[in-house]
Amino acid sequence: MHIDAIVLDNFKSFGRKTRIPFYEDFTTISGPNGSGKSNIIDGVLFALGLARTSGIRAEKLTDLIYNPGHHGESDTSGPREATVEVVLNNADGTLDRQQVVSAAGTDKIGDVETIAIRRRVKETEDNYYSYYYINDRSVNLSDIQDLLAQAGIAPEGYNVVMQGDVTEIINMTAGTRREIIDEIAGVAEFDEKKAQAFEE
Ligand code: ATP
Ligand code: MG
């Protein structure tokens with residue numbers, strides 16, 4: 001399974017609906033500082049429910065809505081709503097139909113070669129709302145998380161390496177770095193078992 005495209009609409013610096021296509025194997029996004037590269041990754045984390053608001057560099061969810069006056073003057077005209085859709089290519093059957101059907105809560109979801117996960121945040125005068133969808137079916141965050149977990153994608157996983165993470169890993173002590181490698185390699189759980197065995 002891989003990402004086919006990300007569609008950002010009124011999300012962060014993307015004031016216009018923008019579709020970003022991805023290659024199957026490797027895609028690089030380049031651009032000057034502040035041009036919105038990280039905002040694209042924030043969009044993925046937002047749509048897939050993989051990060052808290054602070055993890056996508058916002059104080060509150062509604063800060064994610066495109067604000068034309070982001071650089072000083074405030075302008076709140078236009079729709080106060082942001083949407084991000086992550087289009088997953090599931091042609092290799094990473095997720096089977098039944099898994100998608102149970103996450104979406106219906107079998108009326110068409111074929112599952114393409115799985116579109118969409119999130120919308122909407123601000124009204126006195127409140128805000130957040131909605132998730134799988135192939136246009138309204139679902140809960142837990143449905144998305146359960147589905148993605150079956151493809152090995154989890155909030156606490158290392159699926160996304162954020163800006164600064166690499167520097168942090170370089171600067172940490174060899175011991176702490178080793179702990180992360182052990183965690184990824186799945187060795188950490190054996191260390192725990194070994195420690196338990198020694199205690200006994
Ligand atoms: P760098 O190379 O420095 O990492 P980048 O390409 O990753 O840069 P981003 O962090 O994705 O850049 O984009 C930052 C820009 O997004 C800033 O100019 C900021 O003003 C803008 N931005 C963030 N939130 C909003 C918003 N809600 N509305 C409009 N613009 C926003
Ligand atoms: Mg960046």
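General observations
- Residue check for GLU81: over 19 Å from VAL44 (Cα atoms) and either touching a strand residue (DSSP E or B) at 6+ places or on another chain (Cβ under 7 Å) or not assigned by TED's automatic domain parsing to the domain that holds PHE22 (or both): no
- If you filter the stretch 126-145 down to residues that are of a type in the set (D, E, K, R) and touching a helix residue (DSSP H, G or I) at 6+ places or on another chain (Cβ under 6 Å), you find that the one that is surrounded by the most Cβ atoms within 10 Å (Cβ to Cβ) is ASP143.
- Residue match in the stretch 21-44 (condition: within 15 Å of THR83 (Cβ to Cβ), more than 15 Å from ligand 1 (Cβ to nearest atom) and surrounded by 11 or more Cβ atoms within 10 Å (Cβ to Cβ)): no
- Cross-chain or 6+ apart pairs with Cβ under 8 Å, the stretch 29-53 first and touching a residue at least 24 places away in the same chain (Cβ under 8 Å) and in a loop (DSSP other than H, G, I, E, B), then within 13 Å of ligand 2 (Cβ to nearest atom) and of a type outside the set (A, V, I, L, M, F, W, C): GLY36/LYS12; GLY36/SER13; ALA51/ASP42
Residue by residue, here is whether (1) modelled with pLDDT under 95; (2) in a loop (DSSP other than H, G, I, E, B); (3) assigned by TED's automatic domain parsing to the domain that holds ALA91; (4) of a type in the set (Asp, Glu) holds:
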{"site": "ILE117", "(1), (2), (3), (4)": "no, no, yes, no"}
{"site": "TYR132", "(1), (2), (3), (4)": "no, no, yes, no"}
{"site": "ASN159", "(1), (2), (3), (4)": "yes, yes, no, no"}
{"site": "ILE184", "(1), (2), (3), (4)": "yes, no, no, no"}
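- Residue in the stretch 122-133 that is of a type in the set (Asp, Glu) and without any contact (Cβ under 8 Å) to a residue 24 or more places away in the chain present: yes
- Contact map, the stretch 93-115: first residue in the same structural domain as TYR132 (by TED's automatic domain parsing) and on the phi > 0 side of the Ramachandran plot, second residue among the small types (Gly, Ala, Ser) and not in a loop (DSSP other than H, G, I, E, B), Cβ cut-off under 9 Å, separation 6 or more or different chains; pairs are GLY105/SER138.
The values are calculated or read from the model by the stated rules, or taken from the named source; none is laboratory data. In this text the structure is predicted, and so the values were computed from the model without any measurement. Cβ sites come from the backbone with ideal geometry, for glycine too, and all protein chains shown count toward neighbours.
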